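Below is one structure, written out as structure tokens, with a few remarks after it.
The values are calculated or read from the model by the stated rules, or taken from the named source; none is laboratory data. Everything quoted here is computed from the prediction, not taken from an experiment. Cβ: placed from backbone, ideal geometry, glycine included. Neighbour counts: every protein chain shown. Just the protein is used for accessible areas: all its heavy atoms, side chains included, with ligands, DNA and RNA removed. Shrake-Rupley method; radii C 1.70, N 1.55, O 1.52, S 1.80 Å.
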Amino acid sequence: ARADLAQRKSIVLLKNNENILPLKRGTRMYIEDIDPAVASKYGYVSTTSLDDADVAIVRVAARADAGYLGQNTGAPLDLRLPQAQVAKIQALMGKKPTVVVMFLERPLVIPEIAKESAALLATFGVSDEALFDVLMGRFNPTGKLPFEMPSSMEAVKAQKEDLPYDSKDPLFKYGAGLSYPKK
């Protein structure tokens, strides 16, 4: 019970345009990387047709090939998602209001996704049940971002290695996090 509560408390609501969240019961959802059986417990799910959905919900993970902060790969640090992945998410956002659920192992540079999404949540390894409890308003999000989300790779490169929270115009500041309005 404590682990389930901790998962729900860790979810960070970073953006909620026009209070799209919490979703209303019966919302037709197009989902990606979420268990349809779990989602169906919370409302109708249209997993095959985006056209039939009211909203798209997509879970996105950081690149596995970049290593943690670029370590052990020999590649330079890059906190951006692959362009193909961003383009796929942007295509969804262009067709339907899209709730983007970012699984964060590290900060990411995601200005396009932050700008175009209807809602943006940060998670750190939560079950689909915990996620849907927040999406549907059974649990009001209380999580706070444990690091800054930089606005660009240029801002990352300009940061000082030994000074936290010094990126120029961060996309989301350390400690960012919204809750649903009280009813």
Query - Label point distance in nm, Gln83-Ala1, each placed 7 Å from Cα along Cα→Cβ - result: 5.2 nm
Query raised in the report: Under the Kirkwood approximation applied to all pairs of distinct alpha-carbon atoms, what is the hydrodynamic radius of region 98-183 in Å?
Result: 14.1 Å
Query - Fraction of accessible area attributable to carbon and sulfur, the chain (%, probe 1.4 Å) - result: 51 percent
Report task. At q = 0.16 Å⁻¹, work out log10 I(q)/I(0) for the chain with the Debye formula, treating every Cα as an identical point scatterer and leaving solvent out; two decimals please. Result -> -1.00
Report summary line: Heavy-atom accessible area per residue of the chain, all protein chains kept, 1.4 Å probe, expressed in Å², is 53 Å²
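Name the trypsin sites (Lys or Arg not before Pro) in region 84-140 that are in a loop by DSSP and that have at most 13 other C-beta atoms within 10 Å, would you? Write down the numbers at each step before the final one.
Values: sites: Lys88, Lys95, Lys115, Arg138; in loops: Arg138.
Filter output for region 84-140: Arg138.
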**Report entry** Where chymotrypsin sites (Phe, Trp or Tyr not before Pro) fall in DSSP loop in region 109-183, at most 12 other Cβ within 10 Å
**Finding:** Tyr165
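Calculated from DSSP H runs of 4 or more alone, at -39500 (n - 2.57) each and per residue, what is the 222 nm mean residue ellipticity of the chain, nearest 500?
Details: 6 runs with 47 residues, N = 183.
Calculated mean residue ellipticity at 222 nm is -7000 deg cm²/dmol.
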Query raised in the report: With axes computed from alpha carbons, what is the tilt in degrees of helix 83-95 against the longest principal axis of the chain, rounded to the nearest 10 within 0 to 90?
Result: 40 degrees
